[in-house]
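This report concerns only the one structure given below.
The values are calculated or read from the model by the stated rules, or taken from the named source; none is laboratory data. Quantities reported herein were computed from a predicted structural model and do not represent experimental measurements. Positions of Cβ are backbone-derived with ideal geometry, glycine not excepted, and every protein chain shown enters the neighbour counts.
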Amino acid sequence: MSYNVNDNGYYGEFGGAYIPEMLYPNVEELRKNYLKITSEDSFKREFDALLQDYVGRPTPLYFAQRFSEKYKTRVYLKREDLCHTGAHKVNNTIGQILLARRLGKKRIIAETGAGQHGVATATVCALMGIECVVYMGEIDIKRQAPNVARMKMLGATVVPALSGSRTLKDATNEAIRDWINNPTDTHYIIGSVVGPHPYPDMVARFQSVISEEIMQQLKLKEGRENPDYVVACVGGGSNAAGAYYHYLDNPEVGIIAVEAAGKGVHTGESAATSVLGKAGIIHGSKTLLMQTTDGQITEPYSISAGLDYPGVGPMHAHLYTSGRGEFISITDEDAMKAGIELSQLEGIIPAIETSHALAIFEKRPFNPEDIIVVNLSGRGDKDLDTYIEYFKL
Ligand SMILES: *Cc1c(COP(=O)(O)O)cnc(C)c1O
């Protein structure tokens, strides 16, 4: 059994491309070209050079001594927080903008919720001198002012989505409408392993540099490529997909996915999709999503903006239902505690998304000889206001 995508764009029963007819040519152009273009030597050279000199890769694989001592096991942190712009998202936006250029696209659109993907997209558009339009719900624009300012400073146009609940879902609808109206000159950069095929596979491939590096770095440090477990938080699932990628079909490596329980899985304020979700269609793919009995998507909740998403990518839906992945949900409270703890044990302030992944050590014992790699998806600078308010710092 393979846990990677099949030729038809499915992970088990999940994935595919459930899109309006008018979007078909755009998605089909991508599907036909993404593997061909990204496997060309000139593409790989340009991608690798930018990852090295612009993003700052390889990111370190750091043995967290004091954290390991506390939990009586061996924990390595993969330092995606040290990437330019402060998280893993830029690995994907670099890949997609290089692909867009090779497809002759002159304009980039994106949607963003918390603004992190919008910033990563605006960054690479500035780098390449390409026009950038980011759709964002009107409510999110008010809530995420610093990221809106960053995008504007980088030269992007931020367009408010004024319909519906004026949040991420509505921004996505606006972006899709734009793409339908601009099929030839525009590329739509999706920010996680979600959306119609080939997006989940394409984004996972761009992020797979994370596990490629883990294998090389662990080999040097421990004499083996395989940890016993690889752990990552899951919003849409792109940092997790990148951290798991080269281990997916290797049963020696345990895969642990950490979701946001919010105020508690059964409080009605949660984003724990694996527990609460059922199969359905969201953003053009079949996956697990949180919905009412009549199929309306339910509003997710998490203290962390990046995990506040009602679905997961199809790879993760398959990892869950097949039993290949172990899924753990972590409350706001436990994540916040873990964020403070890592700060004070290791001098690293993590993003609140990442804090969820770190919180599992309080919930789940590991053996003293286990090697566990936690993907440190991002740094906590963007979350300082939330930490300040929560802990009255
Ligand atoms: C956006 C974000 C996430 C969640 O997105 P995934 O696609 O699930 O990786 C996690 N951590 C950080 C720091 C983020 O910015």
Which numbered condition Val5 fails, given (1) surrounded by fewer than 17 Cβ atoms within 10 Å (Cβ to Cβ); (2) touching a strand residue (DSSP E or B) at 6+ places or on another chain (Cβ under 7 Å); (3) not assigned by TED's automatic domain parsing to the domain that holds Thr172:
(1)
Just to verify a result, which residue in region 272-285, among those that are part of a loop (DSSP other than H, G, I, E, B) and touching a Ser or Thr at 6+ places or on another chain (Cβ under 9 Å), is modelled with the lowest pLDDT?
His283
Name, by its number, the condition in (1) in contact with a Lys or Arg (Cβ under 9 Å, 6 or more places away or on another chain); (2) modelled with pLDDT of 95 or more that does not hold for Gly262.
(1)
Being within 13 Å of the ligand (Cβ to nearest atom) and part of a helix (DSSP H, G or I) is the filter here, so list the residues in region 207-243 that pass it.
Gln207, Ile210, Ser238, Asn239, Ala240, Ala241, Gly242, Ala243
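Report, by residue number, each residue of region 340-373 that is among the small types (Gly, Ala, Ser) and either more than 15 Å from Lys70 (Cβ to Cβ) or in contact with a Ser or Thr (Cβ under 8 Å, 6 or more places away or on another chain) (or both). Let's see the steps before the verdict.
Going residue by residue through region 340-373, those that are among the small types (Gly, Ala, Ser) are 343, 347, 351, 355, 357, 359.
Scanning region 340-373 gives Ala351, Ser355, Ala357.
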I'm trying to understand the selection: among the residues of region 315-354, which are over 28 Å from Pro60 (Cβ atoms) and of a type in the set (Ser, Thr, Tyr)?
Tyr320, Thr321, Ser322, Ser329, Thr331
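How many of the residues making up region 311-327 are without any contact (Cβ under 8 Å) to a residue 40 or more places away in the chain and crowded, with 22+ Cβ neighbours inside 10 Å? Talk me through it step by step, then tell me what you get.
Let us first name the residues in region 311-327 that are without any contact (Cβ under 8 Å) to a residue 40 or more places away in the chain, namely 323.
Filter again for crowded, with 22+ Cβ neighbours inside 10 Å, leaving none.
Counting residues in region 311-327 that are without any contact (Cβ under 8 Å) to a residue 40 or more places away in the chain and crowded, with 22+ Cβ neighbours inside 10 Å gives 0.
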Is it the case, given these coordinates, that Leu288 is within 18 Å of the chain's Cα centre (by Cα) and assigned to a strand (DSSP E or B)?
yes
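Which residue out of Leu288, Leu307 is within 22 Å of Leu82 (Cα to Cα) and either in contact (Cβ under 8 Å) with a residue 40 or more places away in the chain or surrounded by fewer than 18 Cβ atoms within 10 Å (Cβ to Cβ) (or both)? Working first, answer last.
On the way: Leu288 fails: within 22 Å of Leu82 (Cα to Cα).
On inspection, the qualifying residue turns out to be Leu307.
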Return the residues of region 248-266 that are out of contact with any Pro (no Cβ under 8 Å at 6 or more places or on another chain) and not in a strand (DSSP E or B); say none if nothing qualifies.
Leu248, Asp249, Asn250, Pro251, Glu252, Lys263, Gly264, Val265, His266
Exclusive hit being part of a loop (DSSP other than H, G, I, E, B), closer than 27 Å to Gly195 by Cα and within 16 Å of the ligand (Cβ to nearest atom), set Ser329, Ser302, Ser355
Ser302
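Residues that are under 30 Å from Lys142 (Cβ atoms), away from the ligand (no atom under 16 Å from the Cβ) and touching a residue at least 12 places away in the same chain (Cβ under 8 Å): find the strands (runs of 3 or more DSSP E) completely inside region 40-123 holding 1 or more of those. Full working, then the answer.
Working: elements: 61-63, 74-78, 107-112.
The qualifying strands (runs of 3 or more DSSP E) are 107-112.
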Does region 332-349 contain any residue that is in contact (Cβ under 8 Å) with a residue 24 or more places away in the chain, more than 22 Å from His117 (Cβ to Cβ), in a loop (DSSP other than H, G, I, E, B) and more than 16 Å from the ligand (Cβ to nearest atom)?
no
Please determine, by comparing only the residues of region 172-198 that are touching a residue at least 24 places away in the same chain (Cβ under 8 Å) and part of a helix (DSSP H, G or I), which one is farthest from the chain's Cα centre (by Cα).
Ile180
Within region 358-385, track down each residue that is in a helix (DSSP H, G or I), in contact with a Gly (Cβ under 9 Å, 6 or more places away or on another chain) and either modelled with pLDDT under 95 or of a type outside the set (A, V, I, L, M) (or both).
Gly380, Asp381, Lys382, Asp383
